[in-house]
Amino acid sequence: MEDSPPGSSPDSNSPSRAESFDRDRHVFFLQMMYQLMPSQYQGQEINRLTLAYFAVSGLHILRSVDSLHKEEIISWVLSLQAHPMNEDLLNDGQFYGFHGSRSSQFQKIDNGVWMSNGSHLASTYCALAILKTVGHDLSVTDSETILKSLKNLQQPDGSFMPIHSGAETDLRFVYCAAAISSMLGNWSGMDREMAKEYIINCQSYDGGFGLTPGSESHGGATYCAVASLQLMGYIEDGLPSKSASSCIIDVPLLLDWSLQRQAADGGFQGRPNKPTDTCYAFWVGGVLRILGAYQFIDKTALHKFLLTCQSEYGGFSKLPGQLPDLYHSFYGFSAFSLLEKPGLHPIRVELGIADNAAIGL
């Protein structure tokens, strides 16, 4: 039974808010976020496509995406794709993916030259995820320019930059490239062997993965590594029951590190000695699901922790007692999907979209 709406008196037999996943309020929260960009997000206007991904994909997990005007969403997302002016420009070193927002399509000057292409690897992942979620057929999308120019972002060590120049390289963008290739059903835009070697080099002595080789293990980076390997076909099903030598990464050490991230309050932390945080219930929980070890976590304790981060306004906050935000709300819904909460769509963990949106991949 759902909790009573604001201003009403709950039935004496109804569960308290701390004991109930309030789906209706969460739907209302996401619909509000979809319709209006709150003032605290206005500084992130350049990431509008990412914010839309959280809202649209979140509503799909909550089984409420049909409340949106899908054709309008498709038209808006497709309008953000960058296109070369001619075929020859596909070899100019730039990446022709999706812009993060309308403002990032504005021309800018780079060393005295007008540059009109500000497309980004993460925005391209979000764009394709939205299109899949609302039922757009990606086979009719201009994927050729995305895949051909994707090669321009891969570095000699196998990593990826998110834009064509002057950017960092780490596992986040390896994951985006793998997810894009998987959703488009075409791996011609990346060298999987090179990417695999980069990922392997990011595994730390403690079993987790850092964003770059030699950096501290982190829950988000570990998800990017494991999900990428899964998408690229390098991880087998049922790993915990197989020999440690049957995988290209140290699975026993990785499982030990991941399981230790569940803290005494039931939540998951991204690194040792850090507070628990709603999003890591998905980042680390997703790793354990991919590796076939999700049954080893304390699901009851995790469920209770997540509800402490559930807002009375709908959505989830990073920590108990804080205001909700889109990012932590989406990963809160994703975490409850992993917990197989009734009324939610199952999630395709390695892609970050509902399982039925990923049909055909």
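The values are calculated or read from the model by the stated rules, or taken from the named source; none is laboratory data. Quick caveat, the model's predicted, so the values are computed rather than measured. Counting neighbours? That spans all protein chains shown, and the Cβs are built from the backbone with ideal geometry, glycine included. The accessibility values were calculated without ligands, DNA or RNA, using every heavy atom of the protein model including side chains. Shrake-Rupley method; radii C 1.70, N 1.55, O 1.52, S 1.80 Å.
Figures for the structure shown
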{"item": "From 329, 317, 311, residue being surrounded by 23 or more Cβ atoms within 10 Å (Cβ to Cβ) and closer than 28 Å to residue 51 by Cα", "result": "329"}
{"item": "Residue in the range 165-172 that is of a type in the set (A, V, I, L, M), touching a residue at least 12 places away in the same chain (Cβ under 8 Å) and open to solvent by 10 Å² or more (accessible area, probe 1.4 Å) present", "result": "no"}
{"item": "Of all residues making up the range 335-361, the number that are touching a Pro at 6+ places or on another chain (Cβ under 9 Å) and open to solvent by 40 Å² or more (accessible area, probe 1.4 Å)", "result": "3"}
{"item": "Checklist (1) outside any loop (DSSP other than H, G, I, E, B); (2) buried (at least 23 other Cβ atoms within 10 Å of the Cβ); (3) at pLDDT below 95 applied to residue 130, failing item", "result": "(3)"}
{"item": "Residue that is farthest from residue 281 (Cα to Cα), among those in the range 196-218 that are open to solvent by less than 10 Å² (accessible area, probe 1.4 Å) and touching a strand residue (DSSP E or B) at 6+ places or on another chain (Cβ under 7 Å)", "result": "202"}
{"item": "Test set (1) at pLDDT 95 or above; (2) among the polar types (S, T, N, Q); (3) farther than 23 Å from residue 181 by Cα; (4) surrounded by fewer than 24 Cβ atoms within 10 Å (Cβ to Cβ) - residue 258 fails condition number", "result": "(4)"}
{"item": "Pair list, Cβ < 9 Å and 6+ apart or interchain, from the range 197-209 residues that are of a type in the set (D, E, K, R) to residues that are assigned to a helix (DSSP H, G or I)", "result": "206/253; 206/256; 206/257"}
{"item": "Residues of the range 345-361 satisfying the condition of being among the acidic types (Asp, Glu) and part of a loop (DSSP other than H, G, I, E, B)", "result": "350"}
{"item": "Residue within the range 78-95 that is under 21 Å from residue 178 (Cα atoms), at pLDDT 90 or above, of a type in the set (Phe, Trp, Tyr) and in contact with a strand residue (DSSP E or B) (Cβ under 6 Å, 6 or more places away or on another chain) present", "result": "no"}
{"item": "Residues (within 12 Å of residue 285 (Cα to Cα) and without any contact (Cβ under 8 Å) to a residue 60 or more places away in the chain) located in the range 330-361", "result": "331, 332, 335, 338, 339"}
{"item": "Index of the failed condition, residue 306 passing every other in (1) over 17 Å from residue 218 (Cα atoms); (2) touching a Pro at 6+ places or on another chain (Cβ under 9 Å); (3) of a type outside the set (D, E, K, R)", "result": "(2)"}
{"item": "Residues within the range 50-81 that are buried (at least 22 other Cβ atoms within 10 Å of the Cβ) and without any contact (Cβ under 8 Å) to a residue 40 or more places away in the chain, tallied", "result": "1"}
{"item": "Filtered residue count, the range 30-71, keeping only those that are out of contact with any Cys (no Cβ under 6 Å at 6 or more places or on another chain), under 22 Å from residue 353 (Cβ atoms), assigned to a helix (DSSP H, G or I) and not aromatic (Phe, Trp, Tyr)", "result": "22"}
{"item": "Residue match in the range 267-274 (condition: assigned to a helix (DSSP H, G or I) and not acidic (Asp, Glu))", "result": "no"}
{"item": "Conditions (1) in a loop (DSSP other than H, G, I, E, B); (2) at pLDDT 90 or above: number failed by residue 24", "result": "(1)"}
{"item": "Any pair with Cβ under 9 angstrom, 6 or more apart, that starts in the range 142-161 at a residue that is under 18 Å from residue 214 (Cα atoms) and among the charged types (D, E, K, R) and ends at one that is part of a loop (DSSP other than H, G, I, E, B) and open to solvent by 10 Å² or more (accessible area, probe 1.4 Å)", "result": "157/169; 157/213"}
{"item": "Residue among 149, 123 that is more than 19 Å from the chain's Cα centre (by Cα), closer than 27 Å to residue 359 by Cα and at pLDDT 85 or above", "result": "149"}
{"item": "Residue identified as over 30 Å from residue 272 (Cα atoms), open to solvent by 10 Å² or more (accessible area, probe 1.4 Å), modelled with pLDDT under 95 and among the charged types (D, E, K, R) among 193, 144", "result": "144"}
